[in-house]
2 protein chains.
Amino acid sequence: MSDLVTIPARRGKAAFVAAGQTVRVVNTHGEQVVDTWAFNRHDLTEFMSMEHSRSGMRRLIPRIGDTLLTNHRRPILTMTEDTSGGIHDTLMAACDRYRYEGLGVVGHHDNCTDNLAQGLAELGLVPAETPSPLNLFMNIPWTGQGELSFEPPVSTPGSHVSLRAEMDLVIAFSACPQDILPINGRTCRPTEAHFAIMA
Amino acid sequence: MSDLVTIPARRGKAAFVAAGQTVRVVNTHGEQVVDTWAFNRHDLTEFMSMEHSRSGMRRLIPRIGDTLLTNHRRPILTMTEDTSGGIHDTLMAACDRYRYEGLGVVGHHDNCTDNLAQGLAELGLVPAETPSPLNLFMNIPWTGQGELSFEPPVSTPGSHVSLRAEMDLVIAFSACPQDILPINGRTCRPTEAHFAIMA
């Protein structure tokens, strides 16, 4: 495996991935949600789309073997491994300044939307919009009546997900800085996570 | 009630709505999915967002009393009436040319994404992006395991949904032209629908 790259706690990190390479995302401490985006490397207006992916997968959460689609309904990432317990989220928007204002925060709070922009900016890129992310390790159970709740992750330290790139792409991560709701564990202490790009 | 406006079969239609007005959307023939979008009238980059709304409602489908949120997490529409059986969809992307290409269609097929642009263009507006729509009357059941399926509507002829505008907005509808899957009823014959704007 190639070197592990750190997604710093509360921050974003992006990288170029060639078609055929696999990205392993490691939940280093076990309870960290990692918001994940992918963009066509050659056209940032084409990107992984949760609403198109759900239509193609016919599932709320991708499983091993499922392929995520772009907003042009082309394959962009395939989940090839998952040792985390299989609980992820495709339903919730990335957190943003408005989310924390609504939760009563006064002044700046780190957020996944800004982290996407920051991670891509380090590569000299600007996203055209903020797509709804694939929230790895995020635990949003649903009921038969369609009620949703925000719960701590079920993943364990060092567990991981592997995603195979189906096109040349830019992948972006945010180690979610949510420290008010227990979405990153009951202690509400966001941590770093890691990823590696494998041939 | 003010005059009924037609959303032509397979086409889009948009209208300005002032804060406090209510839009009644009528499923005239009972089995027509109506993709629905709403944009801040004064800033089209702020729009009704399904991923932000689910987070705020903590529900997969809005019910009477639920408020849909924008991508800035501000209230934009509140569901005040629903005589259709309460089955709608927030999970699936608007259909688009790529969807029909994937279903084997050769050449042009009407689609909700183009209909959004066409409806807004009649008002002299251009959407900055295609948000994931509120798919009124669309029946996408989920299982406990998160499996999704595309099913015919449960709504009945003349049933309706009422949505109160929480800001000055532009509302856009598409009478979904899907005629390959039975999402608009088992006969796969898309029809017109109607709406009215009430003080």
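The values are calculated or read from the model by the stated rules, or taken from the named source; none is laboratory data. What you are looking at is a predicted structure, and each value in this text was computed from that prediction instead of being measured. Cβ sites come from the backbone with ideal geometry, for glycine too, and all protein chains shown count toward neighbours. Areas reflect the complete protein model, heavy atoms only, side chains present, ligands, DNA and RNA absent. Shrake-Rupley method; radii C 1.70, N 1.55, O 1.52, S 1.80 Å.
Residue of chain B with the Cβ closest to the rotation axis carrying B onto A, and that distance rounded to whole Å: B:Glu129, 3. Taking 30 Å² as the minimum loss, tell me which residues in the stretch B:41-71 lose that much accessible area going from the chain by itself to the full protein complex (1.4 Å probe). Buried-area filter returns B:Glu51, B:Arg54, B:Ser55, B:Arg58, B:Arg59, B:Leu60, B:Arg63. Inter-copy label distances at A:Asp3, using a point 7 Å along Cα-to-Cβ, come to 6.9 nm with the shortest given first.
What shape does chain B take by its C-alpha gyration tensor, where a ≥ b ≥ c are the square roots of the eigenvalues and a/c under 1.5 counts as rounded, a/b above b/c as prolate, and the rest as oblate? Let's see the in-between values first.
Working: a/c = 1.31, a/b = 1.21, b/c = 1.09.
Here chain B falls in the rounded category.
What you get for the stretch B:104-192, charging only the Cβ of Lys and Arg (+1) and of Asp and Glu (-1), is a dipole of about 260 debye around the Cα centre. In the stretch B:130-170, the residues whose accessible area drops by at least 10 square angstrom when the other protein chains are added to the isolated chain are B:Ser132, B:Trp142, B:Gly144, B:Gln145, B:Gly146, B:Glu147, B:Leu148, B:Phe150; the probe is 1.4 Å and only protein heavy atoms count.
Judged by the ratio a/c of the largest to the smallest principal axis of the C-alpha gyration tensor, the protein assembly as shown counts as prolate, that ratio being 1.5 or greater while a/b is larger than b/c.
Rolling a 1.4 Å probe across the protein heavy atoms gives the stretch B:53-145 an accessible surface of 38 Å² per residue. For the stretch B:90-134 versus the stretch A:1-65, the spacing of their alpha-carbon centroids is 26 Å.
Close amide H contacts of A:Ser132 (hydrogens built in the peptide plane, cut-off under 5 Å, sequence separation of 5 or more or a different chain): A:Met50.
The length gained on full extension between A:Thr80 and A:Leu4, counted as 0.36 nm times the residue separation minus their Cα-Cα distance, comes to 25.5 nm. With unit charges on the beta carbon (Lys/Arg positive, Asp/Glu negative), name the residue among A:Asn40, A:Gly30, A:Gly20 whose Cα is farthest towards the positive pole of the charge dipole of the stretch A:1-61. Positive-most Cα among the choices belongs to A:Gly30.
Counted by Cβ distance under 14 Å from A:Ser162, the other residues give a net charge of -1, where Lys and Arg count +1 and Asp and Glu count -1. With its label point put 7 Å out from Cα toward Cβ, A:Thr143 sits 2.2 nm from the same residue's point in the other copies, in order from shortest. Each residue, A:Gln118 and A:Arg58, gets one label point 7 Å from its Cα in the Cβ direction; the gap between the two is 4.2 nm.
Taking all Cα pairs closer than 8 Å and separated by 6 or more residues, the relative contact order of chain A comes to 45 percent.
Before we go on, tell me the buried accessible area for the A/B pair, both chains summed, 1.4 Å probe, in Å² to the nearest 100. By this definition, chains A and B bury close to 2900 Å².
Suppose R0 equals 41 Å. What FRET efficiency, 1/(1 + (r/R0)^6) with r the Cβ-Cβ distance, do A:Thr143 and B:Ala19 give to the nearest 0.05? Mind showing how you got there, number by number?
Working: r = 33 Å, r/R0 = 0.81.
It comes to 0.80.
Computed over chain B, the per-residue total of -39500 (n - 2.57) for DSSP H runs of n ≥ 4 gives a 222 nm mean residue ellipticity of -3000 deg cm²/dmol, rounded to 500.
Taking the Cα centre of the protein assembly as shown as origin, work out the dipole magnitude from +1 charges on Lys and Arg Cβ and -1 charges on Asp and Glu Cβ, in debye rounded to 20.
Values: 32 positive and 44 negative charges, 75 e Å.
With only Lys, Arg, Asp and Glu charged at Cβ, the dipole is about 360 debye.
Here the accessible area is traced with a 1.4 Å probe on the protein chains. For chain B, carbon and sulfur cover 50 percent of it. Under the convention that each Lys and Arg Cβ holds +1 and each Asp and Glu Cβ holds -1, the size of the dipole of the stretch B:36-187 around its Cα centre is about 380 debye. Ranked from shortest, the separations from the 7 Å Cα-to-Cβ label point of A:Gly20 to its equivalents in the other copies are 6.4 nm.
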